[in-house]
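The values are calculated or read from the model by the stated rules, or taken from the named source; none is laboratory data. Predicted model only: the values in this text are computed from it and were never measured. Ideal geometry is used to build each Cβ from the backbone, glycine not excepted, and the neighbour counts take in all protein chains shown.
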Amino acid sequence: GKVLVSGANGFIASWVVRGLLEEGFAVRGAVRSIEKGVHLRKLFASYGDKFELIVVPDIAEEGAFDEAVRGVDAIEHIASPVHLHAGEPDDLIIPAVQGTVGMLKSAMKYGKSVKRVVMTSSCAAVLQVEPEPKIFTELDWNTQSPREVVEMGRDAPAITKYRASKALAERAAWDFVEQHKAEIDWDFVTINPPYVFGPTIHDTPTPESLNDTTKIFHTMLTQPASPDKLQTGNSWVDVRDLARAHVLVLLTVQAGGGRFLISAGEYVWQDWLDAAPDSPKLQKGVPGAGKDAVHFLCYDASKAARVLGMTAYRSMVETARDVTADWEARGW
Ligand code: NDP
């Protein structure tokens, strides 16, 4: 079968495309311009005509994906703005929500052969900031960030604007699917990861060109940070495990209609410094000081283990080893 992947030139999507091609799927990658496809053409040249590109300049435009969905068997909608420097909340919310609902509309109208639409949502659509540590499940919804952006507008913290964009986009998607269930022949699935780290195969010639989450990772491992900062963290997953989950949802019939948390566990930055190989280029912090940290945002990934067979995740040691080897190979 053939799979449409939106935002194909991004960090996560590049690994998803590779995973799909390796599994034997053909892939149509949607990018914003011809130039954004140049690196991908090189990267996936060995797959011949199993990999093709389509240019979709503006995902928020009405009917943006009408052409792209024709003739594909499944869709992985991964494009969405991921940056922590938004001015107006709508800078993120409009492309996130309209891009997602637009994809579903196009699939409904013109995706005659589509059987499943997968959205890369986020733990941002699940978590709420609460006074006590919590283990979130697929039943949880972030209604807090959307409320806060209404109250605070452009003064809301950047992370709140991003979280609101993901929560509103996922909510709008499930509402669309529910409202149109009599007219659609495909089912819908979301994958909800926390922070995604790992080596990059998309176009990242310099550390400055990294996407936001791998740039944060690079900064935290290589630049000095205060002891307090090293005690902050979140939950995480390796991009290669996340890509595997995107393949498994297409291979697992009973995944239809599900939301799946995909998480390897919690960290504070000191844990990453401890997990990384010995190198004069890397910070040390205070080794061991992360082990008593209290983790507020934890995720129960047992549904993905049960339904998708996502039972094993890369460890921090493996991910840190592979990421630092990747930097070394680039001469960083
Ligand atoms: P990247 O920034 O590497 O990729 C984002 C992709 O979306 C790029 O292809 C980008 O295109 C495209 N995109 C962004 N805004 C627009 C827009 N307005 N119109 C068209 N295309 C757009 O980020 P990631 O790979 O990290 O993120 C991919 C997905 O995963 C997103 O949906 C994100 O919310 C989700 N996610 C990411 C997490 C992480 O930790 N990285 C965690 C949880 C979820 P271009 O290159 O042209 O800008």
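Data table
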{"read-out": "Residue match in segment 61-70 (condition: at pLDDT 95 or above, closer than 23 Å to Tyr195 by Cα and either within 15 Å of the ligand (Cβ to nearest atom) or not hydroxyl-bearing (Ser, Thr, Tyr) (or both))", "value": "no"}
{"read-out": "Lone unmet requirement of (1) near the ligand (Cβ under 10 Å from one of its atoms); (2) crowded, with 22+ Cβ neighbours inside 10 Å; (3) under 21 Å from Gly102 (Cβ atoms) for Trp15", "value": "(3)"}
{"read-out": "Selected residue (criterion: modelled with the lowest pLDDT) from residues of segment 71-94 that are within 9 Å of the ligand (Cβ to nearest atom) and among the β-branched types (Val, Ile, Thr)", "value": "Val82"}
{"read-out": "Test: residue in segment 179-198 that is part of a helix (DSSP H, G or I) and surrounded by fewer than 23 Cβ atoms within 10 Å (Cβ to Cβ)", "value": "yes"}
{"read-out": "Contacts under 9 angstrom Cβ, first residue in segment 309-332 being of a type in the set (Lys, Arg), partner assigned to a helix (DSSP H, G or I), 6 or more apart", "value": "Arg314/Arg240; Arg314/Asp241; Arg314/Asp322; Arg321/Ala275; Arg330/Pro207"}
{"read-out": "All positions within segment 187-206 that are over 27 Å from Phe176 (Cβ atoms) and near the ligand (Cβ under 10 Å from one of its atoms)", "value": "Tyr195, Phe197, Gly198, Thr200, His202, Asp203, Thr204"}
{"read-out": "Lone unmet requirement of (1) under 17 Å from Ser165 (Cβ atoms); (2) away from the ligand (no atom under 14 Å from the Cβ) for Ala45", "value": "(1)"}
{"read-out": "Residues (without any contact (Cβ under 8 Å) to a residue 24 or more places away in the chain, β-branched (Val, Ile, Thr) and surrounded by fewer than 17 Cβ atoms within 10 Å (Cβ to Cβ)) located in segment 125-165", "value": "Val150"}
{"read-out": "Any hit, segment 268-283, residues being among the β-branched types (Val, Ile, Thr), surrounded by fewer than 19 Cβ atoms within 10 Å (Cβ to Cβ) and farther than 23 Å from Leu139 by Cβ", "value": "no"}
